[in-house]
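Before any comments, here is the structure.
The values are calculated or read from the model by the stated rules, or taken from the named source; none is laboratory data. Predicted model, so just to flag it, every value in this text is computed and none were measured. Here Cβ is always computed from backbone atoms with ideal geometry, including for glycine, and neighbour counts include all displayed protein chains. These accessible areas exclude ligands, DNA and RNA; they are computed on the full protein's heavy atoms, side chains included. Shrake-Rupley method; radii C 1.70, N 1.55, O 1.52, S 1.80 Å.
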Amino acid sequence: METLIVDKNDLKMCADCIKKGGLVVFPTETVYGIGADYSNDLAVKKIYKAKGRPSDNPLIVHIGRKSDVKKIAREIPKYAKKIMDKFWPGPLTLIFKKQPHVLDSVTAGLDTVAIRLPSNEIARNLIKLTNTFVVAPSANLSGSPSPTTYSHVADDLFGRVDFIIKGENCDIGLESTVVDVSGEYPVILRPGAITIEMLIEVAGYAEFDKNIFSYADKPKCPGMKYTHYSPKANVIVICGSKEDRKRYIDTNVDFSKNVGIMSYMNNEYPNCKKVICAGNSMDEYGHNLFFNLRAFDEFNIETVYAEFEDTDGLGIAVKNRLFKSAGYNIINV
Ligand code: TXA
Ligand code: MG
């Protein structure tokens, strides 16, 4: 398939392509997504094929206006309305009971549907121009880290989609928070930039699904059960205080081997060939995480030691992605 790389001046052409059943990659504030018309079964199935995605992992329907949610969701609880009013447009996906017309290929046969109103202008303008809604998983090959720059999209999907819209690097760099609002209270299925503290402030109560930090066979968010965010390198997380992490790595890692270190809070390793700084805050860590994991692969590093320290807020989302990328290979120091 021929792939054209275009920019925000070509949105009309890209919207027409989606209307005709094509695939268009577009930037969002979280990560890049591959878009298709949510009402076109063949187009939706093409997405699974382009990504190599298992068909039991449902997609998020992206809308252009808040009022569109009524056209897809069957019930909108009062607390969910408050959450929508506070955080949409933005990095938040809500799971509602679905209306009957929503395709099984979108929801993987579930009775619920995931909906998100992105804040990125290119994304919203594109969706509005299609006059439909746009399903869009992250624009990576299934299993790889989500792409936060258009060149990482091209690495994975060139030749597999019709258009790639080149935008800025994604602001947040981690996928949206996924919150199930189909029950009596909000349950976070995937942590993200909208944190549990923020949800509790608006809805009075919220909880995490218990599978967020461990492997689960039947999680509520089907996407959570697959290997995810994995670079080619083996990732080992070194979790603890700044001093303990440094001491552990200096004592136990053989720098003569093909190893890399993702250091946090400026720990220095002058004898290691490839050190990438994850940043000095969880915002930076999250923003750079997927980019950094891909960068180690560009240097053909075999094993990456990733420093990490537990914190609340965005730290929960970073931990969730990092632990998955390491296949739960974690050393607490
Ligand atoms: O930030 C994002 O959400 C990005 C951008 C492109 O918007 N999209 C994204 O899509 O991350 P994807 O497909 O990579 O992740 C969607 C997640 C998966 O874990 C999936 O299992 C879950 O949402 N999901 C979708 N529909 C669901 C449903 N009805 N019930 C439970 N989980 C659902
Ligand atoms: Mg994904």
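Give me the percent of the accessible area of the chain that comes from carbon and sulfur atoms, probe 1.4 Å, all protein chains in place.
Numbers: 6970 of 14130 Å².
Its accessible area is 49 percent carbon and sulfur atoms.
Taking the alpha-carbon distance from Lys273 and a cut-off under 21 Å, which lysines remain once sequence neighbours fewer than 8 residues away in the same chain are dropped?
Straight-distance partners of Lys273: Lys232, Lys242, Lys246, Lys257.
Residue farthest toward the positive end of the dipole of the chain, with Cβ of Lys/Arg at +1 and Asp/Glu at -1: which of Ala317, Gly167, Ile18?
It is Ile18.
Considering only the other residues whose Cβ falls under 12 Å of the Cβ of Leu42, what net charge follows from Lys and Arg at +1 and Asp and Glu at -1? Can you show the working numbers first?
On the way: positive: Lys20, Lys45, Lys46, Lys49; negative: Asp37, Asp41.
Result for the local shell: +2.
Before I look further, what does the stretch 244-333 give for accessible area per residue, probe 1.4 Å, in whole square angstrom?
That works out to 45 Å² for each residue.
Can you give me the span-like helices of the chain, meaning DSSP H runs with 20 Å or more of Cα extent along the axis and Kyte-Doolittle mean at or above -0.5?
Working: long enough: 282-298 (24 Å, -0.63).
Sorted by number, there is nothing, because no helix extends far enough and scores high enough.
In debye, nearest 20, what is the charge dipole magnitude of the chain about its Cα centre with +1 on Lys and Arg Cβ and -1 on Asp and Glu Cβ, if you could check?
Details: 42 positive and 41 negative charges, 208 e Å.
It works out to roughly 1000 debye.
Counting Lys +1, Arg +1, Asp -1, Glu -1, what net charge surrounds Glu29 among other residues with beta carbon under 15 Å of its beta carbon?
Details: positive: Lys8, Arg116, Arg124; negative: Glu121, Glu168, Asp171, Glu175, Asp283.
Charge balance near Glu29 sits at -2.
Straight-line reach from Lys19: which aspartates and glutamates have Cα under 20 Å away, leaving out those fewer than 8 places along the same chain?
Within reach: Glu2, Asp7, Asp10, Asp37, Asp41, Asp68, Asp104, Glu121, Asp162.
Work out the length of the dipole vector of the stretch 94-137 about its Cα centre, built from +1 on the beta-carbon of each Lys and Arg and -1 on the beta-carbon of each Asp and Glu, and round it to the nearest 20 debye. Don't skip to the end; give the middle numbers.
Values: 5 positive and 3 negative charges, 26 e Å.
Rounded to the nearest 20 debye, it is 120 debye.
State, to one decimal in nm, how far the label point of Met13 lies from the label point of Ser241, with both points 7 Å from Cα in the Cβ direction.
So the label points at Met13 and Ser241 sit 5.8 nm apart.
Would you mind telling me which residue in Asn266, Asn40, Asn169 has the biggest mean-square fluctuation in a Gaussian network model of the chain, where springs connect alpha carbons within a distance under 10 angstrom?
Per the Cα network of the chain with a 10 Å cutoff, Asn266 tops the list.
Among the lysines, which have Cα under 30 Å from the Cα of Lys78 when same-chain residues fewer than 8 positions away are ignored?
Counting by Cα, and skipping residues close in sequence, Lys78 has these lysines nearby: Lys66, Lys70, Lys86, Lys97, Lys98, Lys128, Lys210, Lys218, Lys220.
Just the accessible area per residue of the stretch 79-134, please: how many Å² with a 1.4 Å probe? Intermediate values should be presented prior to the final figure.
On the way: 2070 Å² over 56 residues.
Per-residue accessible area for the stretch 79-134 comes out at 37 Å².
For the chain, evaluate the Debye formula with one uniform point scatterer on each Cα (no solvent term) and list log10 I(q)/I(0) at q = 0.12, 0.13, 0.16 Å⁻¹, rounded to two decimals.
-0.81, -0.94, -1.35
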